[in-house]
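Structure record follows, encoded as structure tokens.
The values are calculated or read from the model by the stated rules, or taken from the named source; none is laboratory data. Values in this document were obtained by computation on a predicted structure and should not be read as measured data. Because the Cβ atoms are built from the backbone with ideal geometry, glycine has one as well, and the counts that use them run over all protein chains shown.
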Amino acid sequence: MKFKRIYRHLLFAAMALGLTACLKDDERFTTADIATHRIIELPATSQFRAVALPFEDRDTIISPITVNLAASEVASEDITVNLTTVNSKKVIDNYNNVNHSHVEILPSSLYTLQGTGLTVTIPKGSNTGKVNLQINAVDLDPSITYGLAFNITGVDKEGYVISGNLDTVLVTFGAKNDYDGAYSLEIRIDASDRPTVQTGVWGEWGGEVHLVTTSGSSVNLFDDWGFGQFIQPIITSTGGYSGFGQTNPRFTIDPATNKIISITNDAPVGTLNRRFEIDPEGPNYYDPAEKKIYASFIMTQTGFAPAKIKDVFTFVGPRP
């Protein structure tokens, strides 16, 4: 149970700053510029956007980006703005390298552009136009964060300037159910024949864990703070941090009753033969008011007595 602590303290939203850090300062526009120019841009608040889709089998139309006219007045005419996603791989590769993330390009087979697609109209009397696309979250692999980079390529009218540093936006897409998110974790393990494990008392894990959507009502436990993998964390008998190898806890919740109805080990059956089953003594439920999940289960393993594990997850925010 050797443990390597891997620190990843950058906030997901803050990572987006890497998208604009390499832009030329002389291409930035000030408030005074807006008074004298008509600038076509993807607003600064949209330089990075994460779209979380409910894990439901239905077509959903979303507007992942907004094209903006930055000017002292609304548009006096219809303005057609052309965009492209051909630079997605380059932008995503750069983002992954800077932020040590694993965003993958959203395949074209998983979405359909609506209306005029990547040709966006800012109508007369307005300042904005939107790109709309249709997507079904059930078609997405919940373990993958997908991405598309949108880039402004042209405007059909003279007298408008494309922003030099607000012309690209990276949008990520992921399927998430109601239980998906970042959580703090308290652990109690009762296992008298495991001397290296802290037993019989509660301990707090050292950082965030993620509950990752694996179906409309199931989540798997991912340790985002220490191991950076799906695993059941533990507190050692000396107060340190470790984990049970060859484990990947999966919790299935009945949305009608908020009760956990199944706890299994999704890891392949390995040499340790570790298996999970729900502990009927509980508690096993989701508290939507407190946004807490109480999970109690039993781990069996060849050569050891069954270990009773209790995990209490407290929601701290959306999962990146």
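Checking each residue of segment 152-167 against the condition of being crowded, with 21+ Cβ neighbours inside 10 Å, within 30 Å of Asp287 (Cβ to Cβ) and of a type outside the set (Gly, Ala, Ser) gives no match. Among strands (runs of 3 or more DSSP E) entirely within segment 25-128, having at least 1 residues that are at pLDDT 90 or above, crowded, with 18+ Cβ neighbours inside 10 Å and not hydrophobic (A, V, I, L, M, F, W, C) singles out 39-41, 59-70, 111-113.
Keeping to segment 266-278, report how many residues are closer than 18 Å to Ser218 by Cβ and touching a residue at least 24 places away in the same chain (Cβ under 8 Å). Can you show your working first?
First, the residues of segment 266-278 that are closer than 18 Å to Ser218 by Cβ: 266-268, 275-278.
Going one step further and asking which of them are touching a residue at least 24 places away in the same chain (Cβ under 8 Å), we end up with 266-267, 275-276.
Final tally of qualifying residues: 4.
Contact map, segment 214-227: residues that are more than 15 Å from Asp266 (Cα to Cα) and assigned by TED's automatic domain parsing to the domain that holds Tyr294 paired with residues that are at pLDDT below 95 and of a type in the set (Phe, Trp, Tyr), Cβ distance under 7 Å, separation 6+ or inter-chain. Pairs shown: Gly216/Phe55; Gly226/Phe3.
Could you list, in sequence order, all residues of segment 269-311 that are under 23 Å from the mean Cα position of the chain (by Cα) and surrounded by fewer than 19 Cβ atoms within 10 Å (Cβ to Cβ)? Give the derivation first.
Residues of segment 269-311 that are under 23 Å from the mean Cα position of the chain (by Cα), as a first pass: 286-295, 311.
Residues satisfying the conditions are Asp287, Pro288, Ala289, Glu290, Lys291, Lys292, Tyr294.
Number of residues in segment 247-268 that are surrounded by 15 or more Cβ atoms within 10 Å (Cβ to Cβ) and touching a Lys or Arg at 6+ places or on another chain (Cβ under 6 Å): the value is 3.
Pick from segment 180-221 the residues that are acidic (Asp, Glu) and assigned to a loop (DSSP other than H, G, I, E, B): which of them is surrounded by the fewest Cβ atoms within 10 Å (Cβ to Cβ)?
In the first step, residues of segment 180-221 are kept if they are acidic (Asp, Glu); the result is 180, 186, 190, 193, 204, 208.
Those left that are additionally assigned to a loop (DSSP other than H, G, I, E, B): 180, 193, 208.
Working: Asp180: 22, Asp193: 11, Glu208: 20.
Among residues in segment 180-221 that are acidic (Asp, Glu) and assigned to a loop (DSSP other than H, G, I, E, B), the one surrounded by the fewest Cβ atoms within 10 Å (Cβ to Cβ) is Asp193.
With respect to Thr238, is the statement that it is outside the structural domain of Ala137 (by TED's automatic domain parsing) and either within 27 Å of the chain's Cα centre (by Cα) or surrounded by 14 or more Cβ atoms within 10 Å (Cβ to Cβ) (or both) true? Here the answer is no, as Thr238 does not meet what is asked. I'd like the residue in segment 156-170 that is part of a strand (DSSP E or B) and more than 20 Å from the chain's Cα centre (by Cα) and, out of all such residues, is farthest from Leu110 (Cα to Cα). If we take residues in segment 156-170 being part of a strand (DSSP E or B) and more than 20 Å from the chain's Cα centre (by Cα), then Val161 is farthest from Leu110 (Cα to Cα).
Taken over segment 101-129, the criterion of being of a type outside the set (Asp, Glu) and in contact with a helix residue (DSSP H, G or I) (Cβ under 9 Å, 6 or more places away or on another chain) is satisfied by Ser101, His102, Val103, Ile105, Leu106, Ser109, Leu110, Tyr111. Within segment 135-155, being touching a strand residue (DSSP E or B) at 6+ places or on another chain (Cβ under 6 Å) and in a loop (DSSP other than H, G, I, E, B) holds for Leu140, Pro142, Ile144, Thr145.
When the criteria are applied in full, Ala267 fails the requirement of being assigned by TED's automatic domain parsing to the domain that holds Ala191 and either at pLDDT 95 or above or part of a strand (DSSP E or B) (or both). Give the residue that is farthest from Asp193 (Cα to Cα), with candidates limited to residues of segment 222-247 that are hydroxyl-bearing (Ser, Thr, Tyr) and assigned to a strand (DSSP E or B). Checking each candidate, the answer is Tyr241.
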